[in-house]
Each structure stands twice: as C-alpha cells, then as structure tokens.
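First comes the structure, then the notes that go with it.
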C-alpha cells in the first residue's frame, strides 16, 4: 500500500459589507478642568453623530466609552525639568453600512479639533462570512483531491483513496495556524482637497477568506 500526503488550499475575495471606524477624542493641557471640559464637549458631539447615523440606518451599531483624564509629566525642551500636564481621552466606535455616509462623516470630523482616527476595518456580515467559509473549505478539499489524482497519475497508479483530512495546525506532531482565516485591511484615511475642501477618498477593501488542509491518501 502506498500512502502520500497532499495539501489543499482555497482563497476567496468578497467585497466588504461593513466598515468600522474608531474615533479618538483627545485633548491635553496644564489645566485638568479645561481639558476635561473640551473633551466632554467633543465627545458628546461625536456620540450625537453616531446616534444619528444609527437612527438613519447608515450605521448598524456604535459604542462609546467615558471620557477619562490622566496626568503625566512632560519634559521642558532644552532642560532637565518637567511640567505636569493632563490628557482627557475617549473613544467612539461606529460600524457603517453606508460607505458614502462614512466618507462624509470622516470629512466633517477632520475639521474638528481634538479628533483622531487612523483607519477603517472592513468586514463581512455574519451570514456572508459563514457562506464564504463553507465555500473555501469545500474548495480546499477539492484542491487536495485534484492534487492527489494528479500525483497518482504521474506515478502510474489508480485512483487514490482519501483516508484522513486535517485542518492546518491540527495534524498530530505538526504545528501551524488555524485552518481558515480572514485578511481584513486597516486602510489609512487619505485626504484630498483638490476642490478646496477636505474630502476623504475611501475605497472599500475586499475581505480575503482562506482555508488550508492536509490530507492522507492511500493506494
């Protein structure tokens, strides 16, 4: 009996259906009360926006934490002394389905002080994610079967019989990562003001879903 092992892999790209942005409100200064007041006002405005997008169905969900204030020592330039300063921060996270509304909001936020954001996390809906997972799992097994038949034909053998299938990382004695995974881009926000205004150009990224297995065949 001849035994041989082959790998199977499949990959699929699907247009993003959700976009999650995390907005950070941050103010610093020497006066604790002043930076907290600034942060509270900016935070309230961002939360109001998030609620509005949720109500209009442009967004599916949002989350906001509380404004927190911490103290830190800042070095005075060209000296060996420090001064006490305060930082007031909070975060608001919003998941959008309407990408045009997201672009408009990001453009508006860019005009406000104390607002920071670093990228967009593109995702799939849960039903789509599960469907694409199933598709790539089936395709990865078919890839392994095709390889096995090719190798058997090259060796002048008959049809190979499948004995065992292992997801990547689950074969005994062999380490590795998960058998199925997602590639989700955190895309930087690009600013274009060719028309004189702050206009953000955001291109939804495809979400990549991968599945890998190894399989044992016998002849």
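Remarks
- Filter pass, residue 104 being part of a loop (DSSP other than H, G, I, E, B) and without any contact (Cβ under 8 Å) to a residue 60 or more places away in the chain: no
- Some residue of segment 13-24 being within 31 Å of the chain's Cα centre (by Cα) and surrounded by fewer than 14 Cβ atoms within 10 Å (Cβ to Cβ): yes
- Single residue of 122, 105 found to be touching a strand residue (DSSP E or B) at 6+ places or on another chain (Cβ under 9 Å), surrounded by 12 or more Cβ atoms within 10 Å (Cβ to Cβ) and over 30 Å from residue 11 (Cα atoms): 105
- Residue within segment 65-80 that is touching a helix residue (DSSP H, G or I) at 6+ places or on another chain (Cβ under 8 Å), in the same structural domain as residue 113 (by TED's automatic domain parsing) and buried (at least 18 other Cβ atoms within 10 Å of the Cβ) present: yes
- Filtering segment 134-150 to residues that are within 24 Å of the chain's Cα centre (by Cα) and either over 13 Å from residue 212 (Cβ atoms) or modelled with pLDDT under 95 (or both) leaves 134, 135.
The values are calculated or read from the model by the stated rules, or taken from the named source; none is laboratory data. Because the structure is a prediction, the values reported are computed rather than measured. Glycine gets a Cβ as well: all are built from the backbone with ideal geometry, and neighbour counts include every protein chain shown.
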